[in-house]
Amino acid sequence: MTDRLILLGPPGSGKGTQAHTLALELRLEHLSTGDILREEVRNESDLGKQARAAMEAGKLVADEIILNMVEERLKKGKAAEGFILDGFPRTVAQAEGLDAIAKKLNVALDAVVNLQLDDEIIVGRLGQRVSCPICGKIYNEVSNPPVVPGVCDIDGARLEKRKDDTPEVIRRRLEVYHEQTKPLEEYYAKKGIMIDIDGDAEPAEVSNRILTALSSFEQA
Ligand code: AMP
C-alpha cells in the first residue's frame, strides 16, 4: 500500500486539488502546510504572526517553524495511519527533517508524486484561482467555475482570491520554487520513489493519471 505520500510541484500545479481527491480516494489524512499556515494567520496566533510577512511576500517560512508544525501533526490522529503531504517539504533541509521525523515515528515514505507544469500555464491558472475560506475548495474562474459566480458550491461562502495570487507575488513564488524546491526532485529520484505526472489536464484526468501511476508503482 502507498499510504505515505508527498505531492511535489510548483505553486498552481494542482497539488491542493489533487491532494484533496487522493485523500478521499485512498483514505489518507491531507496535510497542507499552506492551509495550516493560512488558518494560523486568520486566527492571529503566534505562529501566524511569525509566518505572515513571508507568506505575503511569496517567500518561504523558516524550516524550523515548518518542521515543528509538521511533526506535531504527523504524530497524532489519522495521520499516524497514512498521510498525503501537500506543499511540504519545500527545501532540502525540510526533506532531511522529514526523514528524521519518519525515522523517529518508525515509518517510511512510500512515494513522491511530482506534478509537472510550465511556468506560463501556472501564471495563467493562479491569476484565475479563487477558493472558499471555509471548506478550502479551489475553483478556477474560467475552467472550473462555481455554479453561482463568487459563491462556494459546497457551503455558500463568498469565494476569495488569495493575497499571494497577485502577478508580482506569483513570480516571486515561482522563483522560490525553482531555487529551493526543485532540487527535491533529485533528492527523491535518488531514493527511487519519484513519480512524474504531467499536470496539464482537467483535474479528474490528472487524478486518473496519478492513481494509475501509483498502482503500477505498487506492483513494480
Ligand atoms: P501554498 O498554499 O502551499 O502555496 O503555501 C502558501 C505559502 O505558505 C507559501 O508561499 C509559503 O510562504 C508558506 N508555506 C507553505 N508551506 C511551506 C513550507 N513547507 N515551507 C515554507 N513555507 C511554506
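The values are calculated or read from the model by the stated rules, or taken from the named source; none is laboratory data. What you see is a predicted model, and the numbers here were worked out from it, not measured in a lab. Methodologically, a virtual Cβ is constructed for each residue, glycine included, from the backbone with ideal geometry; neighbour enumeration extends over all protein chains shown.
Condition first: among the small types (G, A, S) and not in a loop (DSSP other than H, G, I, E, B). Now tell me which residues in the range 69-93 satisfy that.
Residues of the range 69-93 among the small types (G, A, S): 77, 79-80, 82, 87, 93.
Residues satisfying the conditions are G77, A79, A80, A93.
Go through E44, E72, E25, E39 for me and flag whichever is more than 10 Å from the ligand (Cβ to nearest atom), surrounded by fewer than 16 Cβ atoms within 10 Å (Cβ to Cβ) and at pLDDT 95 or above. First the steps, then the outcome.
Details: E72 fails: at pLDDT 95 or above; E25 fails: at pLDDT 95 or above; E39 fails: at pLDDT 95 or above.
The unique qualifying residue is E44.
Test V107 against the stated conditions and say whether it is surrounded by 15 or more Cβ atoms within 10 Å (Cβ to Cβ), assigned to a helix (DSSP H, G or I) and among the β-branched types (V, I, T). Can you show your working first?
Details: surrounded by 15 or more Cβ atoms within 10 Å (Cβ to Cβ): yes; assigned to a helix (DSSP H, G or I): no; among the β-branched types (V, I, T): yes.
The answer is no for V107.
Checking the condition within 14 Å of the ligand (Cβ to nearest atom) and among the β-branched types (V, I, T), which residue from V176, V142, V147 passes?
Working: V142 fails: within 14 Å of the ligand (Cβ to nearest atom); V147 fails: within 14 Å of the ligand (Cβ to nearest atom).
So the residue among V176, V142, V147 that is within 14 Å of the ligand (Cβ to nearest atom) and among the β-branched types (V, I, T) is V176.
Quick one: N114 ticks every box in (1) of a type outside the set (S, T, Y); (2) in contact with a helix residue (DSSP H, G or I) (Cβ under 7 Å, 6 or more places away or on another chain); (3) more than 16 Å from the ligand (Cβ to nearest atom) except a single one, so which number is it?
(3)
Are any of the residues in the range 125-137 assigned to a helix (DSSP H, G or I), among the hydrophobic types (A, V, I, L, M, F, W, C) and closer than 15 Å to T17 by Cβ?
Pass one, the range 125-137, residues assigned to a helix (DSSP H, G or I): 125-127.
Okay, now just the ones that are also among the hydrophobic types (A, V, I, L, M, F, W, C), so 126.
Still in the list and also closer than 15 Å to T17 by Cβ: 126.
Yes, there is a match, as at least one residue in the range 125-137 is assigned to a helix (DSSP H, G or I), among the hydrophobic types (A, V, I, L, M, F, W, C) and closer than 15 Å to T17 by Cβ.
I need the full set of residues from the range 43-68 which are touching a residue at least 24 places away in the same chain (Cβ under 8 Å), over 15 Å from D99 (Cα atoms) and either touching a Pro at 6+ places or on another chain (Cβ under 7 Å) or not in a loop (DSSP other than H, G, I, E, B) (or both), in order please.
Listed by number, the residues that qualify are M55, E56, A57.
Which of the residues that make up the range 169-220 are of a type in the set (D, E), more than 15 Å from K15 (Cβ to Cβ) and either touching a Gly at 6+ places or on another chain (Cβ under 6 Å) or modelled with pLDDT of 95 or more (or both)? Break it down stepwise before answering.
First, pick out the residues of the range 169-220 that are of a type in the set (D, E): 175, 179, 185-186, 196, 198, 200, 202, 205, 218.
Then keep just the ones that are more than 15 Å from K15 (Cβ to Cβ); that gives 175, 179, 186, 202, 205, 218.
If the condition is that a residue be of a type in the set (D, E), more than 15 Å from K15 (Cβ to Cβ) and either touching a Gly at 6+ places or on another chain (Cβ under 6 Å) or modelled with pLDDT of 95 or more (or both), then E175, E179, E186, E205 are the ones that fit.
Just to be sure before I move on: is A95 closer than 21 Å to T181 by Cα, within 15 Å of the chain's Cα centre (by Cα) and in contact (Cβ under 8 Å) with a residue 24 or more places away in the chain in the structure I sent? Don't jump to the end; show me each part of the working.
Working: closer than 21 Å to T181 by Cα: yes; within 15 Å of the chain's Cα centre (by Cα): yes; in contact (Cβ under 8 Å) with a residue 24 or more places away in the chain: yes.
So A95 passes the test.
Which of (1) part of a loop (DSSP other than H, G, I, E, B); (2) within 15 Å of the ligand (Cβ to nearest atom) is the odd one out, the single condition I122 does not satisfy?
I122 satisfies all of (1) part of a loop (DSSP other than H, G, I, E, B); (2) within 15 Å of the ligand (Cβ to nearest atom) except (1).
Here's a check for you: in the range 75-86, which residue that is in contact (Cβ under 8 Å) with a residue 24 or more places away in the chain and over 15 Å from the mean Cα position of the chain (by Cα) is farthest from the ligand (Cβ to nearest atom)? Break it down into steps so the answer makes sense when it comes.
First pass over the range 75-86, keeping only residues in contact (Cβ under 8 Å) with a residue 24 or more places away in the chain: 75, 77-86.
Restricting the remaining residues to those that are over 15 Å from the mean Cα position of the chain (by Cα) gives 75, 77-82.
On the way: K75: 18, G77: 20, K78: 20, A79: 16, A80: 20, E81: 22, G82: 20 Å.
Only one residue fits best here, namely E81.
Hey, does the range 158-169 have a residue that's in a helix (DSSP H, G or I), under 22 Å from V112 (Cβ atoms) and in contact (Cβ under 8 Å) with a residue 60 or more places away in the chain?
Going through the range 158-169, the residues in a helix (DSSP H, G or I) turn out to be 167-169.
Checking which are under 22 Å from V112 (Cβ atoms) leaves us with none.
So far as the range 158-169 goes, no, none of its residues is in a helix (DSSP H, G or I), under 22 Å from V112 (Cβ atoms) and in contact (Cβ under 8 Å) with a residue 60 or more places away in the chain.
Restricting attention to the range 164-173, does a residue exist that is within 16 Å of the ligand (Cβ to nearest atom), in contact with a helix residue (DSSP H, G or I) (Cβ under 8 Å, 6 or more places away or on another chain) and under 26 Å from L109 (Cβ atoms)?
Taking the range 164-173 and keeping what is within 16 Å of the ligand (Cβ to nearest atom), we get 164-173.
With the extra rule that they be in contact with a helix residue (DSSP H, G or I) (Cβ under 8 Å, 6 or more places away or on another chain), the set shrinks to 164-165, 167, 169-172.
Filter once more, so that each one left must be under 26 Å from L109 (Cβ atoms): none.
There is no residue in the range 164-173 that is within 16 Å of the ligand (Cβ to nearest atom), in contact with a helix residue (DSSP H, G or I) (Cβ under 8 Å, 6 or more places away or on another chain) and under 26 Å from L109 (Cβ atoms).
Out of the residues in the range 176-201 that are outside any helix (DSSP H, G or I) and touching a residue at least 12 places away in the same chain (Cβ under 8 Å), which is nearest to K59 (Cα to Cα)? Before you say what the answer is, go through the steps one by one.
At the first step, the residues of the range 176-201 found to be outside any helix (DSSP H, G or I) are 182, 192-201.
So of that shortlist, the ones also touching a residue at least 12 places away in the same chain (Cβ under 8 Å) come out as 193-200.
Working: I193: 27, M194: 25, I195: 26, D196: 25, I197: 26, D198: 26, G199: 23, D200: 25 Å.
So, considering only residues that are outside any helix (DSSP H, G or I) and touching a residue at least 12 places away in the same chain (Cβ under 8 Å), the one nearest to K59 (Cα to Cα) is G199.
For residues in the range 1-31 being touching a residue at least 60 places away in the same chain (Cβ under 8 Å) and part of a strand (DSSP E or B), which is nearest to R172 (Cα to Cα)?
L8
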